[in-house]
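The values are calculated or read from the model by the stated rules, or taken from the named source; none is laboratory data. Note that the structure is predicted; figures quoted are calculated from it, not measured. With ideal geometry, Cβ positions are generated from the backbone for all residues, glycine too; neighbour counts draw on all protein chains shown. Protein only, heavy atoms only, side chains kept; ligands, DNA and RNA dropped before computing areas. Shrake-Rupley method; radii C 1.70, N 1.55, O 1.52, S 1.80 Å.
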Amino acid sequence: MSPCVFCDIVEGKIPAKIAHEDHLAVAFHDVSPKAPVHVLVIPREHVADLDAATPSQELLLGHLLLLAREVADREGLGNGYRVVINRGADGGQTVDHLHLHVLGGRPLSWPPG
Ligand code: AMP
Ligand code: ZN
């Protein structure tokens, strides 16, 4: 059994509300949304966190960012949105598979807690 819940989602072993899939990435709705729209964008391949990404994954990282923008557009977030990567304990990372949060649908306060 895979130890990674997001790898399990990529492999279809556990259900998720998929927003988009392509050859490099999967986007799905967060199971515990922090805003009216809360979608996670992840690479298909297991990358533990932003620090684990290598220069050879530069195109993959760009792909994830452009996909986050596309998800925001498709979800109707023309009034604004936020893309967040939490990294490590102080960053609030709880799942060790790189993911971009796309949050929107309400005004988001700044700075974050
Ligand atoms: P982070 O705290 O930045 O690591 O974000 C992890 C996010 O994954 C949280 O917002 C969780 O609600 C979300 N999450 C955890 N398990 C699942 C799941 N099975 N399906 C969808 N979202 C999940
Ligand atoms: Zn994984």
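On a per residue basis, segment 1-105 carries 57 Å² of accessible surface, using protein heavy atoms and a 1.4 Å probe.
Selection among 3, 56, 107 by position relative to the dipole of the chain gives 107 as farthest towards the positive end (Cβ unit charges, Cα centre). When the chain is treated as a Gaussian network with alpha carbon springs shorter than 10 Å, the biggest mean-square fluctuation among 40, 50, 103 belongs to 50. What a 1.4 Å probe finds exposed on segment 38-99 is 49% carbon and sulfur by accessible area, rounded to a whole percent. For segment 102-113, putting each phi into the Karplus relation 6.51 cos²θ - 1.76 cosθ + 1.60 with θ = phi - 60° gives couplings of 10, 10, x, x, 7, x, 9, 6, 9, x, x, x Hz, in residue order, rounded to whole numbers and with x for Gly and Pro.
Explain nothing, just the number: dipole magnitude of the chain about its Cα centre with +1 on each Lys and Arg Cβ and -1 on each Asp and Glu Cβ, in debye rounded to the nearest 20.
On the way: 9 positive and 14 negative charges, 86 e Å.
It comes to approximately 420 debye.
Can you tell me the 0 to 90 degree angle between the C-alpha axis of helix 58-74 and the longest principal axis of the chain, rounded to 10? So the helix axis and the longest Cα principal axis differ by about 40 degrees.
Each distinct pair of alpha carbons in the chain adds a 1/r term; the inverse of their mean, the Kirkwood radius, is 14.4 Å.
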